[in-house]
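Each reported figure results from applying straightforward, stated rules to the coordinates on display, with no laboratory input. Please read these numbers as outputs of a predicted model, since none were measured by experiment. We place every Cβ from the backbone using ideal geometry, glycine too, and count neighbours over all the protein chains shown.
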């Protein structure tokens, strides 16, 4: 018997006994459950809201490029300032995920500064010097190409954020734009996104 069938059986059993569902169980019910189970799931969600098992955290992967995207940073700021989450557990999870993302962004910026200082001219205070047009003042023309290649490599690095994926329905209170939601895609529970 395949693991998929066993997983689906467990998900249906937990669901029918009104136990809290894991994100995986919920996704299985939404994709492979019966019509009656799907309707019951929607009614349950409308009544109780967010149905994650409180102990289940997963590792969500994001590239440094995604983390540094202006729409992601804007979404983080809006979520950080939001005070209308449906439950304290949702607010706690948002805070936990945002803290990890913020730390990763700060570390990335420090790494970028260190790497950039190897290729550009520095002023008297050992700060990065800008050219007359506002661009970086590289020591050599080859240095620019090397710096850009290293920067491209660095932006492909994946980091893990541990927490519960965000329920798309609970993000509505933060008034995020479609572009900000797209920037958060890696940390949104795909089971809550209906096409």
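Across all Cα pairs in the stretch 144-195, the calculated P(r) in 10 Å bins from zero up to the longest distance comes to 20, 38, 23, 16, 4 percent per bin.
Which of 133, 80, 123 has the fewest other C-beta atoms within 10 Å, and how do the rest follow up to the most?
Details: 133 6, 80 13, 123 10.
Lowest to highest Cβ neighbour count: 133, 123, 80.
Going by C-beta contacts inside 10 Å, put 35, 84 in order with the fewest on the left. Intermediate results must be reported in sequence, preceding the final value.
On the way: 35 7, 84 10.
Ascending Cβ contact count within 10 Å gives the list 35, 84.
If eta is 1.567 mPa s and T is 4 °C, what Stokes-Einstein diffusion coefficient results for the stretch 70-195, Kirkwood Rh from Cα pairs, in µm²/s? Result for D is 76 µm²/s. Residue order for 66, 177, fewest other beta carbons within 10 angstrom first, comes to 177, 66.
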